[in-house]
Amino acid sequence: MNSHHPRRRALLLGGLGLPFASLTPLLAGAQVAWPNRSITLIAPNAPGGPADTLARAVANGMSKILNVPVVVENKPGASGKIGIQALLRAPRDGYTLAVTSETALSALPVFDKNVGYQSPADFEPLSLAVRTPAVWCVHPSVPANNLRELVAYAKANPGKLNYASFGNNSSSHLASENFFRIVDVQLTHIPFKSETEGLNGLLSGQVQVMMLSGASKPHIAAKKIRGLATTSTSRWGFLPDIVTAREAGIPELANYSYEPWLGFSAAAGIPKEIRDRLNSALRQSMDSPAVKTMLSGFGYRIIASSSSEMGEAIQHDLTSYRVLARSGRVTPE
């Protein structure tokens, strides 16, 4: 009898201990490939913010690479915690990921007693996306034309200078205090609700010092504020004429840098194969000329890393923030 006859095929399968009927769901399951429906990309801030800009720049490319829609969902609030907690509540099947920041994964677990998650244990790092250097700026009334002069003036006048941040325990507050810890100076902290409000405070002279993003560029060019040094490891292409803090001639800053990152993460527990495919799609999207042009226009330095490199960055920054917490300059709340 021909082995292709239906009854003969069923007997053969039965002889292997696999009844033909029991194979049906297995065969059907083998056909279900990932992804076969839309993917949600959570941006844990309002439309127009850095995480939202990054998410929308990358989602379009990912949609084409994975051949399914990648839908950006804004979940702003609580320094990114609302978006992060939404990520951790979602099924761990590779259909939900989020833009995550140094603040969310490295700073909040140290300084926010009610953060509600553990880092890095609760996350599957996918890829670093961008790093964003900052620039130390002063109001023109400050008698300092470079970082050495600012540090010397601050040491001679402890507490006399005010500095702005985006709010208590914000990334700018923590980074500023960490810098002041390294150079051993005391400035008075004035928290604002946003970088824009803090910048306005600096322009008006309400505060004298602030670490700013690329938003400072036109004001530096107009000489309304003075850019003293960038926090990048090497000259920042966005502000190429301004020296780095490493170049300031201050021994304690010889290896200093502060380039906070944004990246992409899933919740811990997604299959490794899906993690690797997400990493590949993210990196391909960030490597496209359109995305590179858009992100570099904001002063971002594009990274597009491996999953393990992102994991190392999270651990490095956790260690740094724990040192700051032990110094007593910033109190967890």
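The values are calculated or read from the model by the stated rules, or taken from the named source; none is laboratory data. Computed from a predicted structure; not experimentally measured. Quick reminder, even Gly has a Cβ in these numbers, built from the backbone with ideal geometry, and neighbours come from all protein chains shown. Protein only, heavy atoms only, side chains kept; ligands, DNA and RNA dropped before computing areas. Shrake-Rupley method; radii C 1.70, N 1.55, O 1.52, S 1.80 Å.
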Seminar exercise, completed: Per the filter on region 45-74, residues open to solvent by less than 40 Å² (accessible area, probe 1.4 Å), farther than 20 Å from Q85 by Cα and of a type outside the set (A, V, I, L, M, F, W, C) are T53, G61, S63
Problem set entry | Residue check for H189: open to solvent by less than 50 Å² (accessible area, probe 1.4 Å) and within 23 Å of the chain's Cα centre (by Cα) | no
Problem set entry | Some residue of region 203-214 being among the β-branched types (V, I, T) and either crowded, with 19+ Cβ neighbours inside 10 Å or in a loop (DSSP other than H, G, I, E, B) (or both) | yes
Seminar exercise, completed: Output for Cβ contacts, cut-off 6 Å, separation at least six or different chains, first residue more than 21 Å from A129 (Cα to Cα) in region 70-98, second among the acidic types (D, E), reads none
For this session: Select, from A134, A175, A144, the only residue that is among the small types (G, A, S), closer than 25 Å to P50 by Cα, open to solvent by less than 20 Å² (accessible area, probe 1.4 Å) and touching a helix residue (DSSP H, G or I) at 6+ places or on another chain (Cβ under 8 Å).
Result: A134
Exercise. Name the pairs whose Cβ atoms lie under 6 Å apart, with the first residue in region 181-193 and over 14 Å from G205 (Cα atoms), the second outside any helix (DSSP H, G or I) and charged (D, E, K, R), and 6 or more positions between them or separate chains?
Worked result: R181/R329
Seminar exercise, completed: Among N169, N157, the single one that is farther than 29 Å from R283 by Cα, within 17 Å of the chain's Cα centre (by Cα) and surrounded by fewer than 24 Cβ atoms within 10 Å (Cβ to Cβ) is N169
For this session: Might you check whether a residue that is crowded, with 23+ Cβ neighbours inside 10 Å and among the aromatic types (F, W, Y) occurs anywhere in region 114-121?
Result: no
Problem set entry | Any chance L66 is in contact with a Pro (Cβ under 9 Å, 6 or more places away or on another chain), among the aliphatic types (A, V, I, L, M) and modelled with pLDDT of 90 or more | yes
Exercise. What residue, of H173, H139, is of a type outside the set (D, E, K, R) and touching a Pro at 6+ places or on another chain (Cβ under 7 Å)?
Worked result: H173
Problem set entry | Test for L108: is it more than 16 Å from A51 (Cα to Cα), part of a helix (DSSP H, G or I), out of contact with any His (no Cβ under 9 Å at 6 or more places or on another chain) and modelled with pLDDT under 95 | yes
For this session: Hey, can you tell me all the residues within region 271-304 that are out of contact with any strand residue (DSSP E or B) (no Cβ under 7 Å at 6 or more places or on another chain) and open to solvent by less than 20 Å² (accessible area, probe 1.4 Å)?
Result: A281, S285, V291, G299
Exercise. Is it the case that G263 is in a helix (DSSP H, G or I) and open to solvent by less than 20 Å² (accessible area, probe 1.4 Å)?
Worked result: no
